[in-house]
């Protein structure tokens, strides 16, 4: 478990860059860049998955678009802010671009940390519910490095187009589960808190939550598709703030 002792700490989730029309996405990127550029005091930024609506990175090629965001993340890391990126169910096809070029720590599953003496459990939230074996099997297949390598043999224009289609299918699956996923992640958070965690942070469901559960607090950061926001932890207090 990694420990941080200064802060403040910032959290974002489910921005889904690339989902909508170019003008909407340009405005969303501009808002995100302004937010990142304002983090002059941040010890760490935690991205809790689905920064992109889809992402596929080839060994020598990464997808076009959102250059200003990449530059802003690079500058944030260069200023000394640690960036931890938890891969979601939409942006899971990463290789090493974010780690080698930006300096972000890439996490395929959960990330556990102690922030100013408080224990945090962070995960995107997909695949954590009991059951849902079909999705869990699909997740294992899609994240298999050999399968990703085979997929990378497809020309990028075709491969990235297919990734976009897969992203829409995944979003429809999540939407169809609705309240079951929302309630299920709350139950999962309660289970984790009983193990001694003070805060559990998920994304994925697109429903904003900050709720006391037993002796801890369950947080879901919602989605930028409805109301852009960020989480902030400072002086042992967590807040969700609109942008």
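Values in this text are rule-based calculations from the coordinates and carry no lab data. Worth saying up front: this structure is predicted, and the values here are computed from it rather than measured. We place every Cβ from the backbone using ideal geometry, glycine too, and count neighbours over all the protein chains shown.
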Contour minus Cα-Cα span, residue 27 to residue 67, at 0.36 nm per residue, comes to 13.0 nm
After finding the eigenvalues of the alpha carbon gyration tensor for the range 61-132, what semi-axes result from the square roots of 5 times each, listed largest first in whole Å?
24, 19, 9
Using Cβ counts within 10 Å as a stand-in for footprinting exposure, how do 118, 28 rank, fewest first?
118, 28
Inter-centroid distance (Cα atoms) of the range 92-124 relative to the range 181-243, Å:
17 Å
Ranking 91, 187, 242 by Cβ neighbours within 10 Å, fewest first, what do you get?
242, 187, 91
How would 1, 106, 122 line up from fewest to most surrounding beta-carbon atoms within 10 angstrom?
1, 106, 122
